[in-house]
Amino acid sequence: MGEEDSEPKRSRGLCGWFLALLVLGVIAAAIAVAVKVKMHHHHSAPKLGPVPGPPGPVVKMYGDALTLAMQFFQVQQSGKLVNNTITWRGDSALQDGSEAQLDLSRGMYDAGDHMKFGFPMAFTATVLSWAILEYGDQMQTVNQLNPAQDSLKWITDFLINAHSSADVLYIQVGDPVVDHKCWDRPEDMTEERPLTQVNTSSPGSDVAGETAAAMAAASLVFKSINSTYSSLLLQHAQELFTFADGYRGLYSESIPEVQAYYNSTSYGDDLLWAASWLYFATGNQSYFDYVTGKNGVAFANWGNPSWFTWDNKLAGTQVLLSRVSFFGGQGSSNSRNLQNYMKTAEAVMCGLLPKSPTATSSRTDSGLIWISEWNPMQYPVASALLALIYSDYMLTSQTTSFSCNGDSFGPSDLRNFAISQADYVLGNNPMNLSYLVGYGDQYPQHVHHRGASIPANATTGCSNGFVWLNSTAPNPNVAVGGLVGGPFLNETFIDSRNNSMQLEPTTYNSALIVGLLSGLVTTSSVVQSFT
């Protein structure tokens, strides 16, 4: 009897289990559907890709574009040229600085004219240094590391000589009013080239701070290849920072005539930017305390994302200091204000990502970040560079995601945004036009640039060269690698030499696009320490 009774019991038990599993399956399916619906409304949590190691395969389009972009630094060089590969350029401005018994012949012309403006030139050096420090190994895969270092040194040689004593910095060579009355080749300049300085009675915490940042960052670049030069740069950086911090003021208030060209709207951002670079260059805790202490409270504007430009370094500072949060740093672990920098850096990233709930509406219909009709390209390229750097910090530290009002995003989202901006520059846009001069089949032919617009064998004085400005013929010389101003908000572009807001390339644009292309040319882990 016992065995006969056991079979029905086992059948009933199996039936019960089957019903229970069936119910669980229905519940699981319902949960899955609910989750799928929820995920449809919320960006899915990103998966961290493999952390890149040494440089991977080269992306040819970015390698080609980087090689071109690097050449614009040579186009812009002043002084007695060395290993010049730009056939239509020669020696120029050899007497710059002579009225003060200084050699200010080096450095680079700012844009299409022949001015040397120290504020954007120093920003160019800082950004180029940062690009080399983060992506030097990637530059090397397409043989662009040495050219980048050489171009950087061409600027820092000028900056060293411009800092003639502890509290004196020459911040401009040339008179813009006089300079802009001429249309001539730099090799043929005859106009006066007066000097402008900041000092204790005419302070310029902004320009002195940015120059200190440039020298501190460059000191890291040259540390392993020219230690004597690196030490000299660091000494100048520390002296300049002390001057900038000790004698506070806007250079555009001390020297009102600069307001028409590179008007500075604040100096607190420059002091924080400089102190951050000095912290990385020296490891000195006092610089870390400077940016996380009362000066951070006064100047950092935490929680309010901003655009990274030659005039506003806050977003760059926030991303740079997030290095310490991602990778650790001496004496930094307990700083609440360090987290404020990182949170603000995340807010910057959330504003850039098109699918983020807090995405900026400042874009063209095709997705290009667009802020200003004057030199509009500087904003998307600078934004893309910061996004790419932040993405690589996340990958190297194996940080999977960050949150934008509850939606999760990861390194690949940031890299894809950076790629979208770079590809737009290189021709993936409604005009099918490359805004990088010399790249692709279609690029601007009437670049607003004196040297490029005048035949190398032409003889012109100050004023009779305007025939070349007003000519409708394409430039006889290619301002190779220049990143021109770019499109209007409606994505139109008028290729006319007199249209300087769209057609003028700038040296600081070049530093930004070189950094962006260097980060995209291949994949690689960024270094966890600059030293």
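Checking each residue in region 166-181 for being within 11 Å of Met115 (Cβ to Cβ) and open to solvent by less than 40 Å² (accessible area, probe 1.4 Å) picks out Gln172, Val173, Gly174, Pro176, Asp179.
Annotation: of all residues in region 474-485 being in contact with a helix residue (DSSP H, G or I) (Cβ under 6 Å, 6 or more places away or on another chain) and of a type outside the set (Val, Ile, Thr), the one that is surrounded by the most Cβ atoms within 10 Å (Cβ to Cβ) is Gly482. Among the conditions (1) of a type in the set (D, E, K, R); (2) open to solvent by 10 Å² or more (accessible area, probe 1.4 Å); (3) within 28 Å of Ala208 (Cβ to Cβ), the only one that Asp269 does not satisfy is (2). Counting only helices (runs of 4 or more DSSP H) that sit completely within region 83-201, those holding 2 or more residues that are over 30 Å from Leu321 (Cα atoms) and in contact (Cβ under 8 Å) with a residue 40 or more places away in the chain correspond to 176-179.
Taken over region 75-109, the residue count meeting the criterion of being buried (at least 21 other Cβ atoms within 10 Å of the Cβ), more than 18 Å from Thr190 (Cα to Cα) and out of contact with any helix residue (DSSP H, G or I) (no Cβ under 6 Å at 6 or more places or on another chain) is 1.
Entry remark, region 214-229: residues being touching a Phe, Trp or Tyr at 6+ places or on another chain (Cβ under 8 Å) and crowded, with 19+ Cβ neighbours inside 10 Å number 5 in total.
Met342 falls short on exactly one of the conditions (1) more than 19 Å from Ala387 (Cβ to Cβ); (2) of a type in the set (A, V, I, L, M); (3) open to solvent by 10 Å² or more (accessible area, probe 1.4 Å), and that condition is (1). In region 264-288, the residues that are closer than 14 Å to Ala300 by Cβ reach residues that are charged (D, E, K, R) and surrounded by fewer than 24 Cβ atoms within 10 Å (Cβ to Cβ) with C-beta atoms within less than 8 angstrom, at least six apart or across chains, in these pairs: Ser266/Asp311; Tyr267/Arg248; Leu271/Asp245.
Among the residues making up region 391-410, those that are closer than 18 Å to Pro357 by Cβ and either in contact with a helix residue (DSSP H, G or I) (Cβ under 6 Å, 6 or more places away or on another chain) or part of a loop (DSSP other than H, G, I, E, B) (or both) are Ser401, Phe402, Cys404, Asn405, Gly406, Gly410.
Within the option set Ala208, Ala162, being crowded, with 24+ Cβ neighbours inside 10 Å and out of contact with any Ser or Thr (no Cβ under 9 Å at 6 or more places or on another chain) holds for one residue only, Ala208. When the residues of region 486-528 are filtered to those that are in a loop (DSSP other than H, G, I, E, B) and in contact with a Phe, Trp or Tyr (Cβ under 7 Å, 6 or more places away or on another chain), the one that is surrounded by the fewest Cβ atoms within 10 Å (Cβ to Cβ) is Gln528.
Is there a residue in region 293-310 that is of a type outside the set (Val, Ile, Thr), crowded, with 22+ Cβ neighbours inside 10 Å and without any contact (Cβ under 8 Å) to a residue 60 or more places away in the chain? Looking for residues that are of a type outside the set (Val, Ile, Thr), crowded, with 22+ Cβ neighbours inside 10 Å and without any contact (Cβ under 8 Å) to a residue 60 or more places away in the chain, one finds at least one in region 293-310, hence yes. Across region 456-473, the qualifying residues are those that are out of contact with any helix residue (DSSP H, G or I) (no Cβ under 8 Å at 6 or more places or on another chain) and of a type outside the set (Ser, Thr, Tyr), and the one among them that is nearest to Thr190 (Cα to Cα) is Cys462. Considering only region 447-482, state which residues are in a helix (DSSP H, G or I) and of a type outside the set (Ser, Thr, Tyr). Arg450, Gly451, Ala452, Phe466, Val467, Trp468, Leu469, Asn470 - these are the residues of region 447-482 that are in a helix (DSSP H, G or I) and of a type outside the set (Ser, Thr, Tyr).
Pairs meeting the criteria (first residue in region 418-429 and closer than 18 Å to Phe488 by Cβ, second residue in a helix (DSSP H, G or I), beta carbons under 6 Å, at least 6 apart or on different chains) are Gln421/Pro380; Gln421/Ala384. One residue is enough: does region 434-446 have a residue meeting the conditions small (Gly, Ala, Ser) and open to solvent by 10 Å² or more (accessible area, probe 1.4 Å)? Checked against the condition, which is being small (Gly, Ala, Ser) and open to solvent by 10 Å² or more (accessible area, probe 1.4 Å), region 434-446 yields at least one hit. For Ile369, the criteria (1) among the β-branched types (Val, Ile, Thr); (2) open to solvent by 10 Å² or more (accessible area, probe 1.4 Å); (3) in contact with a helix residue (DSSP H, G or I) (Cβ under 7 Å, 6 or more places away or on another chain) hold in every case but one, which is (2).
The values are calculated or read from the model by the stated rules, or taken from the named source; none is laboratory data. All of these numbers come straight from a predicted model, not from anything done at the bench. Note: ideal-geometry Cβ built from the backbone for every residue, glycine included; neighbour counts use all protein chains shown. The protein model used for the area step is the full one, side chains on, heavy atoms only, and it has no ligands, DNA or RNA in it. Shrake-Rupley method; radii C 1.70, N 1.55, O 1.52, S 1.80 Å.
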